[in-house]
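Okay, so here's the structure we're looking at.
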Amino acid sequence: MNKRKLKESSGTDGECISQVQKVLRERLCHHHAMGKLFGMDQQYKHLLELLKQTAVHGESNSALIIGPRGSGKTALLNRALKDLREMKQVKGNLLEVHLNGLLQTNDKVALKEITRQLHLENVVGDKVFGSFAENLVFLLEALRKGDRTSSCPVLFVLDEFDLFVHHKNQTLLYNLFDISQSAQTPVTVIGLTCRQDILELLEKRVKSRFSHRRIYLMNSFAFKQYLRIFKEQLSLPAEFPDKVFAQKWNSNIQLLSEDRTVQDVLQNLFHYSKDLRSLHFLLMLALSNVTVRHPLITASDLQEASKQYRMDSKANIVHGLTVLEICLIIAMKHLNEVYEGEPFNFQMVYNEFQKFIQRKAHCMYNFEKPVVMKAFEHLLQLELVKPIERPSVYPNCPTDVKQWAASSLSWL
């Protein structure tokens, strides 16, 4: 009977731990719309009001959310959109188009993605038909046919906005901002970027059509608030299924926030980087140690997580190398110094290694060439050594053009 009870209790603990892992990982790993916003209440109100004007009143607008990486730009937008969708006046009354500068690398790809997400008439399944010019005309006509009262508002979200600026002639940005200035289909363009000088990169015609609304996120909180963020990010919500375990967990987090060792770890991270992404990464490393046998986070877990966070990945790889591979790296370092950064091949490295063997034959085994070659290939696989990529050669390029290209690029 006791064994059965023991089994049941351990099973419950296991379920609790998996629930804790699920809740906290969702909070720390994803830009969760449910997560709390820290130190950006004013920016949140400004953004929500701007989006509400489009979704409820049919006003077109444009804005940029500017801040360093990890400052919470995406989290702020996700939270504002979530709260907007829950409003009675907005439900089902807003079309969203999400673009990313890393994925939509030119205007043609971006335009196809817009027409696909808006489900326009030239979309069959997941394929978009027509040339870039035809798609652009089709999209602009579709947006211009509408009016403020009867048309469904459209929200364009451009992540990595600075990458769209580098598209040829900034055609897409010009047309989106142009529509947002006109009294046709209500359109709002929201750009997210970490470039402070983003307005300087816009062409004059594009800049003149932008509303110049900017929302800045700067992570300007003090350490006391940073400590409160740490506590709130690790605390379990009131609706957690096991109330007893949640109370025990939250009490432990409160004690951790008051622990001097933990405060030192957090202070080091705070002075190194204020962004919450770094804090989330540290907490994820500490959370990965939580198991049934080790159900609560301890100060030593956070210390170990801090060491892992600061550890150099390349230095870790070097610790696992053989003596032969270390010797080859030293030989390459010598060649790099002798030839002042010029590229080298395996034979040169092997010759350098052989010189060392001849000088110190009494303490080092002379490996055969195939064995040394295998060690060299292993260093290539670990990317400790990188092959030099040959520039792609234009076929049948005239000699005069080659010489002209070489002379004009020599200053770079």
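The values are calculated or read from the model by the stated rules, or taken from the named source; none is laboratory data. Note that this is a predicted model, so its numbers are computed, not measured. Note that we place each Cβ from the backbone using ideal geometry, even for glycine, and neighbour counts take in every protein chain shown. SASA here: full protein model, heavy atoms, side chains in, ligands and nucleic acids out. Shrake-Rupley method; radii C 1.70, N 1.55, O 1.52, S 1.80 Å.
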(request) Output the residues belonging to region 315-334 that are surrounded by 17 or more Cβ atoms within 10 Å (Cβ to Cβ) and over 18 Å from residue 386 (Cβ atoms). (result) 324, 327
(request) For region 355-396, enumerate the residues that are open to solvent by 90 Å² or more (accessible area, probe 1.4 Å), closer than 25 Å to residue 317 by Cα, over 30 Å from the mean Cα position of the chain (by Cα) and modelled with pLDDT under 85. (result) 365
(request) Please go through region 77-117 and pick out each residue that is of a type in the set (Val, Ile, Thr) and either surrounded by fewer than 17 Cβ atoms within 10 Å (Cβ to Cβ) or outside any loop (DSSP other than H, G, I, E, B) (or both). (result) 97, 105, 109, 114, 115
(message) Exactly one condition in (1) under 30 Å from residue 246 (Cα atoms); (2) loosely packed, with under 15 Cβ neighbours inside 10 Å; (3) aromatic (Phe, Trp, Tyr) is false for residue 272; which is it?
(response) (1)
(message) Conditions first: (1) touching a residue at least 60 places away in the same chain (Cβ under 8 Å); (2) over 30 Å from residue 221 (Cα atoms). Residue 77 passes all but one, so which condition is the exception?
(response) (2)
(message) Quick check on region 335-354: of everything there that is farther than 17 Å from residue 387 by Cβ and over 38 Å from the mean Cα position of the chain (by Cα), which residue is modelled with the lowest pLDDT?
(response) 338
(message) One residue is enough: does region 256-272 have a residue meeting the conditions among the polar types (S, T, N, Q), out of contact with any helix residue (DSSP H, G or I) (no Cβ under 6 Å at 6 or more places or on another chain), in contact (Cβ under 8 Å) with a residue 24 or more places away in the chain and assigned to a loop (DSSP other than H, G, I, E, B)?
(response) no
(request) Give 228, 214, 195 a once-over and let me know the one that is in a helix (DSSP H, G or I) and open to solvent by 60 Å² or more (accessible area, probe 1.4 Å). (result) 228
(request) Determine if region 284-296 includes at least one residue that is more than 30 Å from residue 367 (Cα to Cα), free of Cβ contacts under 8 Å to residues at least 24 places away in the same chain, hydrophobic (A, V, I, L, M, F, W, C) and open to solvent by less than 50 Å² (accessible area, probe 1.4 Å). (result) yes
(message) Name the residue that is modelled with the highest pLDDT, counting only residues in region 144-187 that are among the β-branched types (Val, Ile, Thr) and part of a strand (DSSP E or B).
(response) 157
(message) Here are the criteria: (1) hydroxyl-bearing (Ser, Thr, Tyr); (2) open to solvent by 60 Å² or more (accessible area, probe 1.4 Å); (3) touching a residue at least 60 places away in the same chain (Cβ under 8 Å). Tell me which single one residue 208 does not satisfy.
(response) (3)
